[in-house]
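Engineer: My structure is below; once you've seen it, I'll send some questions.
Here, each number is a calculation from the coordinates, and none is a lab measurement. Predicted, not measured: the structure shown is a model, and the values here were computed from it. Using ideal geometry, Cβ is built from the backbone for each residue, glycine included, and neighbour counts are taken over all protein chains shown.
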Amino acid sequence: MSNFVFVIDTNKKPCDPVPPGQARRLLKQGNAAVFRRYPFVIILKYPASLHPGPHQLKIDPGSKTTGLAIIQQDKVVWGAQLQHRGQKISNDLKARNAVRRSRRNRKTRYRRPPIKNRGKRQRSKGWLAPSLKSRVYNIMTWVLRIKKYVPITGVSQELVKFNTQVLVNPETTGIEYQQGELFGYEVREYLLQKWGRKCAYCSATNTRLEIDHIHPRSRGGSNRVSNLTIACHECNQAKSNQDIRDFLAQKPDVLNRVLSQAKQPLKDAASVNSTRWALFNQLQQTDLPVEIGTGGRTKYNRTRLELPKTHWLDAACVGTQDMLTVLTSQPLLISAKGWGTRQMCITNKHGFPIKHRERKKVFFGFQTGDMAQANLPRGKFAGTHVGRLTVRKTGVFEMTKHIGKVSPVRHKYCKAIHRNDGYMYAFSTISH
Ligand SMILES: [Zn+2]
């Protein structure tokens, strides 16, 4: 089933989102009109009289993809996965830097930089790299956008990996960790952070990591966090209830590393993730109450509620969530695309100019980034396609879909359904 449809009344006041069937009925009866395609919003032709219920917007910020979910009283009614631009931004800036540097130096003698610019670059306190800043901006764009169409009453954000309040001095205080309980998940996240998300014995990373007692329980080892480590399944099985000194008898350097690392508490327990904190600060600027969750709690909720691991369902599990009914299985896939470039001269990989761009962006009423529907009468791609256009002055365009490309797409077969807003949209074709 698809996402619920956002509804605004005739005064553009957000109302409760409705199931797709009800939205279809409203449109059919002429009581509403389509207001926006991505996300799908309909506008009622009369003022709304009912008071909307509480809606929580939940965010699981990731480095490549951020999950978003809207919860309407224990029901997940809308989900989205927001893909960030990541490496693209830093590559673009590096390329621009190189072009400018070579242009400056081409016909200029060497000049020493002025004294005030010499030495280290000055950066202000809250400085974030442009690629990280763009993630925060992407998420804030969507929070503010959703707020316009849904009566959001609160925001939940996953801020840190584990709860530092519970784990004050976790190495020394004798805390009993229990598998399957919330606290166990917090401890696990702590250990993953402390041991660098790899097996302490063989350094394997791409595998299921388990919690291992360094001194086995059967030999009087304690349940304290300082006696716990992270190991892959094979190492954990191989070690079993052997003493660590016997298990690592052949690898004295590994033994020493594990024993010394076990004693050291995690240096920065808060493990500051600057992007997440920047987002948190931005969210607090909105007038919404912000609930913060931990990665441990998200995982605990997801496991307990038996939900598959996806970004948008992870988002739904952020914060306190006793129950969840998932009423949608098709999250909106959003990819940040930026607003294009001003580069007029396209060069090949050697920097040799190969073509020049026109001084305009709109051709035949379309511009790159528009979402369009194309009805192709014949050819390899005959049929109906919905995707993002890349326009050319010839009128022969290209269309990018969620999976793959459609080309050529002639302008006369295209109908714009959503004008460029810096993002590309698709629906996940696989459920969950
Ligand atoms: Zn291992």
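Engineer: Between the range 311-340 and the range 19-95, what is the separation of their alpha carbon centroids in Å?
Structural biologist: The two parts, judged by their Cα centres, are 10 Å apart.
Engineer: In whole Å, what is the distance between the alpha-carbon centres of the range 136-150 and the range 191-206?
Structural biologist: 36 Å
Engineer: Moving on. Using a Gaussian network model of the chain whose springs link C-alpha atoms within less than 10 Å, name the residue from 207, 294, 328 with the highest mean-square fluctuation.
Structural biologist: Judging by the Gaussian network model, the answer is 207.
Engineer: Treat the range 182-263 as a sphere of radius equal to its Kirkwood radius over Cα pairs and apply Stokes-Einstein at 20 °C in a medium of 1.002 mPa s; give the translational diffusion coefficient in µm²/s, rounded to a whole number.
Structural biologist: Estimated diffusion coefficient is 169 µm²/s.
Engineer: I've got another one for you. Using only Cα atoms, find the angle between the long axis of helix 252-263 and the longest principal axis of the chain, and express it within 0 to 90 degrees, rounded to the nearest 10.
Structural biologist: On a 0 to 90 degree scale, this one is about 80.
Engineer: Relative to the longest principal axis of the C-alpha atoms of the chain, give the angle of the C-alpha long axis of helix 182-194, reported between 0 and 90° and rounded to the nearest 10°.
Structural biologist: 90 degrees
Engineer: Tilt of helix 274-285 relative to the longest C-alpha principal axis of the chain, in degrees (0 to 90, nearest 10)?
Structural biologist: Once rounded, the angle reads 60 degrees.
Engineer: Expected output is a single nm value to one decimal: the length gained when fully extending between residue 125 and residue 350, i.e. 0.36 nm times separation in residues minus the C-alpha distance. What is it?
Structural biologist: Roughly 77.1 nm would be gained on extension.
Engineer: Lysines near residue 147 by alpha-carbon distance under 20 Å, same-chain residues fewer than 8 away left out - which ones?
Structural biologist: Residue 147 reaches 12, 13, 58, 75.
Engineer: Now, a different point. What FRET efficiency comes out for the pair residue 364/residue 309, r = Cβ-Cβ distance, R0 = 41 Å, nearest 0.05?
Structural biologist: Calculated transfer efficiency: 0.40.
Engineer: I would also like to ask the following. Any chance you could run the full-extension gain for residue 417 through residue 263? It's 0.36 nm times the residue separation minus the Cα-Cα distance, nm to one decimal.
Structural biologist: 49.4 nm
Engineer: Could you work out how far apart the two model spin labels at residue 206 and residue 73 are, taking each label as a point 7 Å from the Cα in the direction of the beta carbon, and quote it in nm?
Structural biologist: Spacing of the two 7 Å Cα→Cβ label points: 4.7 nm.
Engineer: How far, in nm, would the chain grow between residue 117 and residue 403 when pulled straight, counting 0.36 nm per residue and subtracting the alpha carbon separation?
Structural biologist: 98.3 nm
Engineer: Taking the convex hull of the Cα atoms, report for the range 304-432 its projected area averaged over all directions, in nm².
Structural biologist: 11.5 nm²
Engineer: Okay, next question. Rounded, prolate or oblate for the chain? Axes are the square roots of the Cα gyration tensor eigenvalues, ordered a ≥ b ≥ c, and the cut-off for rounded is a/c under 1.5.
Structural biologist: Since a/c reaches 1.5 but b/c is at least a/b, the shape of the chain is classed as oblate.
Engineer: Would you mind calculating the relative contact order of the chain from Cα pairs under 8 angstrom and at least 6 residues apart, reporting the percent as a whole number?
Structural biologist: 18 percent
Engineer: For every helix of n ≥ 4 consecutive DSSP H residues, a contribution of -39,500 (n - 2.57) applies; sum these over the chain, divide by its total residues, and give [θ] at 222 nm rounded to the nearest 500 deg cm²/dmol.
Structural biologist: For the chain, the value works out to -8000 deg cm²/dmol.
Engineer: Can you list the HN-Hα couplings for the range 200-215, worked out from phi with the Karplus curve (6.51, -1.76, 1.60; θ = phi - 60°), rounded to whole Hz and with x for Gly and Pro?
Structural biologist: Working through the residues one at a time gives 5, 8, 10, 6, 5, 10, 7, 8, 6, 9, 10, 7, 10, 7, 4, 9 Hz.
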